[in-house]
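These notes concern the structure reproduced below.
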Amino acid sequence: MNTITIELTQNWRFHLGDCEGAWYKGYDDSAWQKITVPHDWSVEAPFSPKYSSGTGYLQGGTGWYRGRFRLPEEYRGKCVRLVFDGVYKNSQVFCNSYYLGKRPNGYVSFSYDISGFAVFGEEENEISVKVVHEDLADSRWFTGSGITRKVTLLVEEPVHPVEYGCVFRTDGISGEGEKASAQVTAAHEAVNAGNENAELEIRTLLLSDEGQTAAEFSGRMTLPPGETGKLTQDGAVENPRLWSPEDPYLYRMQTWYRVNGGAEYLVQEEKVGIRTIAFHPEEGFYLNGVNRKIKGVCVHHDGGCLGAAMRPEVWQRRLESLKECGCNAIRCSHNPHMPELYALCDAMGFLMMDEAFDEWENPKNKWSVGHNVYPPKHQGYYEDFPEWHEKDLRAMVRRDRNHPSVILWSIGNEIDYPNDPYCHPMFETMTGNNDANKPAAERQYDSNKPNMKRLAVLAGRLAAIVREEDTSRPVTLAAAFPELSSELGFFDALSVVGYNYKEHLYENDHKRFPDKTFLGSENGHSEEAWKAVTENPYICGQFLWTGIDYLGEAHGWPIHGSSAGLLTTAGFPKPEYEKRKALWKEDGPDAAADGCPEKDAACENAESGVDAVREIMENGADTACGNEAAVSLSAALWKDRDALTGQSWEDCSRRPGYLYQILVKLSDENGKKVISDDKEVKVQVLGDGCLAGIDNGDLADVTPFSSDCRKTYKGDLAVYVRRTGTGDVRVSLRIQEDGEAGVKNENSVEMIAI
């Protein structure tokens, strides 16, 4: 039987609060809230200054999820694995009352073999998940709470790959043009969960996008019961089409098993790309033998009003805007992101820096009453780092190593931030890039704090773990205070060194470390910061802080997020967007690459409303109240083909769970956008849909994200509607204004069925 993947989106119930008996299969959860997964309970609650400013003034707590599914009788005897893409955090999982295990980390993917606990036929399986997020000052940005990423079942034959056990890489490219040849390797690790010896034949098929066979490899191994084995296959792909940001061409790698001469079955199909990367200490970054600059942005994982329960279609719209701006790279700040983001970067042509940790074995300052407002709190991942760092780091690398977009493994962000908490007697006083309000005593060397020499030991340990899993990409990190850490061996284990806001050190440190390649891992938006890249060939590129505004790292109530992005949390371009577009598109091999025409057309339609939806708005008076509207609404439905599947928007948007993105704009009687007279808009969803959230990008607007109304911000509003069934969906948008005697007057405009 071919491997079956089942997404567990429906049939979940949620309860906020602890329930001692909720692990039990027969527990009565009929009164619990019906939800779909992914789910983030933090954004369902009101903002409150009693919660941590660092995590966006939104609540955490303890919650329970219970999900149900059936497995047909023909799956009996197969191996069944339950896969979580991410649960924030401290998850404990039960299957049919059996305890499976826990995972403290809220960002890594993990799974459990439930073959011995699953039931088949008409009897339902029940999954119970306890999530504990009581320590709200555990991060410097919004984390979300709950099963924030998708859950799937894998149903496999007893002889199958170990998790992420099918690996593809490009070893080199020789020749040019039609005589070019790519040397590639397919590495396999298989397990025999059966009771008999398995003579296993593995066939790897590399198919073009058009379905033609580009390469085929085969090999054999013997697997005793309960054992694992490895097999490496290598060969050539003639006249390959190389993956790049301008031409993100993907092949399909199929892995087929045949056991003891029986029928062949497909165990995995994955999209891969053929490309080479190189980092040169003098010349910077090369992709497919071509020198180029990395024009990147850092991004956090949240989606504004959607919280951490993000959807790929929302990321696709965001990435299209960034691509149009000239961006060609994404840094996953500062933990692994949802798997769909990596697949989108593969398909849309973005380079990626994958990042594991923001904290190692000692806590950073976590702000709870405003950014840099003392005293801080010291909760966070450091509590779990000693026991879990190796498992978590291996999980990230193994999951993401087949993505052609991923070019760098980052083992940490600003671990060497001065006095936070590491210090050293070499510097009596140390000031970081974000220390405007730091008390003088906190800037001074303290012999009782951890010595920064320790970081070199940990960096070496983490880099070694990465290289055990993948040697095809360099190991890097984002350094905050290289003035000190570089003197203490912090860079010894690295191939590429990332600097955060330290452009003034480039020239001197390039001379100090002639065998290291340098990169701006986090940079400000100034033109000078970009010139430090363009005027120094040994600097690979930069990652702006940030590409998109994000929740958390708030400077004080009511501000509940960071405004550092080129786009708002609602995905609308900010004033600097066009300036950055002009700056980034003026040079380089991707200067003329604006993305595919279909995507550009979709974005243009979404902004203007031309042909994106049937006209859904009217100017004029509300007949019920006789109030003449000063401004009117216009709206457009963002739509584009699915970058992951290639499906048309009409097809992919009919799936339950799909998130419609309605872009609302205020206009005057001449159709010009109104930015100075924002209006409250009420949203109602009818039919097979529900309101998933409303976002205006205003980080000072503390209207609850669960509200059905919100003001526009500078004339813009994004409305998210989730499809719940296969029927029509109707959305009503109404401008609400205060009339005489405080009565709300409504200028109503109806959207016809989607």
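The values are calculated or read from the model by the stated rules, or taken from the named source; none is laboratory data. This one's a predicted model, so the numbers in the text were calculated from it and none came from an experiment. So basically every Cβ, Gly included, is an ideal-geometry build from the backbone, and we count neighbours across all protein chains shown. Just the protein is used for accessible areas: all its heavy atoms, side chains included, with ligands, DNA and RNA removed. Shrake-Rupley method; radii C 1.70, N 1.55, O 1.52, S 1.80 Å.
Odds and ends about this structure:
- Volume per residue of the C-alpha convex hull in the stretch 424-541, rounded to whole Å³: 119
- Electrostatic bookkeeping for D135 treats Lys and Arg as +1 and Asp and Glu as -1; over the other residues with beta carbon under 14 Å from its beta carbon, the sum is 0.
- Spin-label zone in the stretch 671-706 - amide nitrogen under 19 Å from a point set 7 Å from the Cα of D728 along the C-beta vector: 684-691
- Using the empirical formula 2.2 N^0.38 Å as the baseline, the Cα radius of gyration of the stretch 141-240 reaches a ratio of 1.43.
- Computed over the stretch 158-214, relative contact order equals 34 percent, with contacts defined as Cα pairs under 8 Å that lie 6+ residues apart.
- Estimated Rh, the chain: Kirkwood, alpha-carbon pairs, angstrom: 27.4
- At full extension, N536 and R655 could sit 38.0 nm farther apart than now, given 0.36 nm per residue minus the alpha carbon distance.
- Cα-based Rg of the stretch 641-691 normalised by 2.2 N^0.38 Å, two decimals: 1.61
- Stokes-Einstein D in µm²/s, Kirkwood radius over Cα pairs - the stretch 385-427 at 4 °C with 1.567 mPa s viscosity: 100
- Label-to-label distance, W388 versus T471, with points set 7 angstrom from Cα along the beta-carbon direction: 3.1 nm.
- Where only C-alpha atoms are counted, convex hull volume of the stretch 322-468 per residue in Å³: 143
- Summed side-chain charge close to I559 - residues other than I559 whose Cβ falls under 13 Å, Lys, Arg +1, Asp, Glu -1: -4
- Pairs of alpha carbons in the stretch 76-149 whose separation is greater than 14 Å (percent): 61
- Per-q log10 I(q)/I(0), the stretch 205-330, q = 0.20 Å⁻¹ (Debye; single scatterer per alpha-carbon; no solvent): -1.18
- Per-residue [θ]222 nm for the chain (sum of -39500 (n - 2.57) over DSSP H runs n ≥ 4, rounded to 500): -4000 deg cm²/dmol
- Element breakdown for the chain at a 1.4 angstrom probe: carbon and sulfur atoms account for 47% of the accessible area.
- Here's the picture: a label point sits 7 Å out from the Cα of Y24 along the beta-carbon direction, and within the stretch 88-120 nothing has its amide nitrogen under 11 Å of it.
- Percent of Cα pairs exceeding the 19 Å cut-off, where the set is the stretch 487-568: 45
- All-pairs alpha carbon distance profile, the stretch 168-217, 5 Å steps from 0, percent: 5, 13, 19, 21, 15, 10, 8, 5, 3, 2, 0
- Cα Rg over Rh - the stretch 1-123, Kirkwood: 1.00
- Interatomic Cα distance distribution for the stretch 398-491, bins of 5 angstrom, percent: 2, 13, 23, 19, 14, 11, 9, 6, 3, 0
- Here the gap between E507 and D668, fully extended at 0.36 nm per residue and compared with their Cα-Cα distance, gives a gain of 52.7 nm.
- Histogram of C-alpha separations across the stretch 192-259, 10 Å bin width, %: 19, 38, 24, 16, 3
- Förster radius 41 Å - calculated FRET efficiency between S676 and T429, Cβ distance, rounded to 0.05: 0.30
- The residues of the chain expose on average 38 square angstrom of accessible surface per residue, using a 1.4 Å probe on protein heavy atoms.
- Additional length obtainable on full extension of the chain from Q647 to N2, 0.36 nm per residue less Cα span: 229.9 nm
- Across the stretch 12-19, computed HN-Hα scalar couplings (Karplus, 6.51 cos²θ - 1.76 cosθ + 1.60, θ = phi - 60°) run 10, 10, 9, 9, 8, x, 7, 9 Hz from first to last residue, x flagging Gly and Pro.
- Note on A700 and A582: with the Förster distance fixed at 41 Å, the Cβ-Cβ geometry gives a FRET efficiency of about 0.90.
- Tail beyond 17 Å, pair distance distribution of the stretch 418-473 (Cα, percent): 50
- Mean separation of Cα pairs under 8 Å and 6 or more residues apart, divided by the residue count, gives the stretch 333-388 a relative contact order of 30 percent.
- For the stretch 283-391, radius of gyration divided by Kirkwood radius, i.e. Rg to Rh on alpha-carbons: 1.04
- Nearest-0.05 FRET efficiency for W557 and N451, computed from C-beta distance (R0 51 Å): 0.90
- Diagonalising the gyration tensor over the Cα atoms of the stretch 58-114 and scaling each eigenvalue by 5 before taking the square root yields semi-axes of 25, 13, 10 Å, largest first.
- Amide H contacts under 5 Å for G561, placed H, 5+ residues apart: G552, H555
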